[in-house]
Amino acid sequence: MRFTVYTLFPGLVTPYLQEALLARAIREGLVEVVVRDLRRFAGNRTGRVDDAPYGGGAGMVMRVDVAAAAVDEAAADDPPPDEVVLLTPAGERLTQGLVEELATRRHVCLLSARYEGFDARVESLVTREVSIGDFVLMGGELPALCVMEAVTRLIPGALGDEESHRQDSFASGLLDYPEYTRPAGFRGLAVPDVLLSGHHGMVAKWRRREALRRTLLRRPDLLEAAPLSDEDRSELERLRLELAAGAANEPD
């Protein structure tokens, strides 16, 4: 798997690649990351890649010819990118489903903008526009790192435990169940007895119930698309009744 990142600030990206998961995946040859400076395509002595927006307005806009030169350079790589991704708040939301799709690619090119973003004509040069949420950052470097880390986790061998990502939040369409470790008691807070029972069947049932409970309480929208069994639906109905009864018993 290869990532190519185009940015005005390579120094924001490269330190992150030298630690933890991504560093290990790179060191073991599971992932290759190439970080390239967009200023190389400025075409002037100052390295200026932006200009004032047509029609007036605040801020500066990054030039389309700069982005086009980067995309053309990436296209000459071996292998060329399967996806050219523009990181932008206007893009499709980065979800686990999209991450899984990107993980099947051999080469993903990531374009990171700054200032007021790229000239709108850059949209015609990319295969995807991706957003990491409904908020605005200083630039696309952090979103690029989010994409790379999320995708790298799914590459075989990148995690110490190959089952880890299969149990993550969103992997099953639900939020993950709560996890606990030692000490069993801490400041009056105890680990649920079922997790100390050694009964694997009861533990699995409890975890599924808690995943359903968390999703119902925190992200009920996920339940609409989650692959639920008849048992899951019955459990959700019981949870809804419990929650309704609890709300009814709360003092005014």
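The values are calculated or read from the model by the stated rules, or taken from the named source; none is laboratory data. Keep in mind that what you see is a predicted model, and the values were worked out from it rather than measured. Neighbour counts run over all protein chains shown; Cβ positions are idealised from the backbone, glycine included. For accessibility, only protein heavy atoms count, side chains too; no ligands or nucleic acids. Shrake-Rupley method; radii C 1.70, N 1.55, O 1.52, S 1.80 Å.
Which of the following values of volume of the Cα convex hull per residue in Å³ was calculated from the structure shown: (i) 120; (ii) 199; (iii) 210?
Among (i) 120; (ii) 199; (iii) 210, the one calculated here is (iii).
Counting other Cβ atoms within 10 Å, which chymotrypsin sites (Phe, Trp or Tyr not before Pro) in segment 13-61 have at most 12 and lie in a DSSP loop?
Here the sparse-neighbourhood loop sites are Tyr54.
If I fit a long axis through the Cα atoms of helix 64-75 and take the longest principal axis of the Cα atoms of the chain, what angle between them do I get, 0 to 90°, rounded to 10?
Here the helix axis deviates by roughly 70 degrees.
Going through segment 1-97, which trypsin sites (Lys or Arg not before Pro) have at most 16 other Cβ atoms within 10 Å and a DSSP loop state?
Answer by residue number: Arg45, Arg48.
Report for the chain the percent antiparallel among DSSP-assigned beta bridges with both residues inside it, nearest 5.
Close to 15 percent.
Of Ala248, Val191, Thr215, which is farthest on the positive side of the dipole of segment 182-252, counting Cα position, with +1 on Lys and Arg Cβ, -1 on Asp and Glu Cβ, and the Cα centre as origin?
Looking along the dipole axis, the top candidate is Val191.
Sort 71-82, 185-196 for me by packing, meaning the mean count of neighbouring Cβ atoms within 10 Å per residue, highest on top.
Descending packing order for the listed peptides: 71-82, 185-196.
Mind checking the dipole of segment 1-105: about its Cα centre, +1 per Lys or Arg Cβ, -1 per Asp or Glu Cβ, Debye to the nearest 20?
440 debye
Near the amide H of Leu110, under 5 Å away, which other amide H atoms are found, from residues 5 or more places off or on another chain, if H is placed in the peptide plane?
Thr4, Val5, Tyr6, Val85
Expressed as an acute angle from 0 to 90° and rounded to the nearest 10, what is the orientation of the C-alpha long axis of helix 230-248 relative to the principal long axis of the chain?
For helix 230-248, the angle is close to 80 degrees.
Name the residue farthest towards the positive end of the dipole of the chain from the options Thr14, Phe3, Ala226, assuming +1 on Cβ of Lys and Arg, -1 on Cβ of Asp and Glu, about the Cα centre.
Of the listed residues, the answer is Thr14.
Using unit Cβ charges (K, R positive; D, E negative) and no other charged atoms, how large, in debye to the nearest 20, is the dipole of the chain about its Cα centre?
The dipole magnitude comes to about 540 debye.
With every protein chain left in place, what is the accessible area of Ser124 in Å² (1.4 Å probe, nearest 10)?
100 Å²
Work out the length of the dipole vector of segment 197-252 about its Cα centre, built from +1 on the beta-carbon of each Lys and Arg and -1 on the beta-carbon of each Asp and Glu, and round it to the nearest 20 debye.
300 debye
Compute the long axis of helix 141-152 from its Cα atoms, compare it with the longest principal axis of the Cα atoms of the chain, and write down the angle in degrees, 0 to 90, nearest 10.
60 degrees
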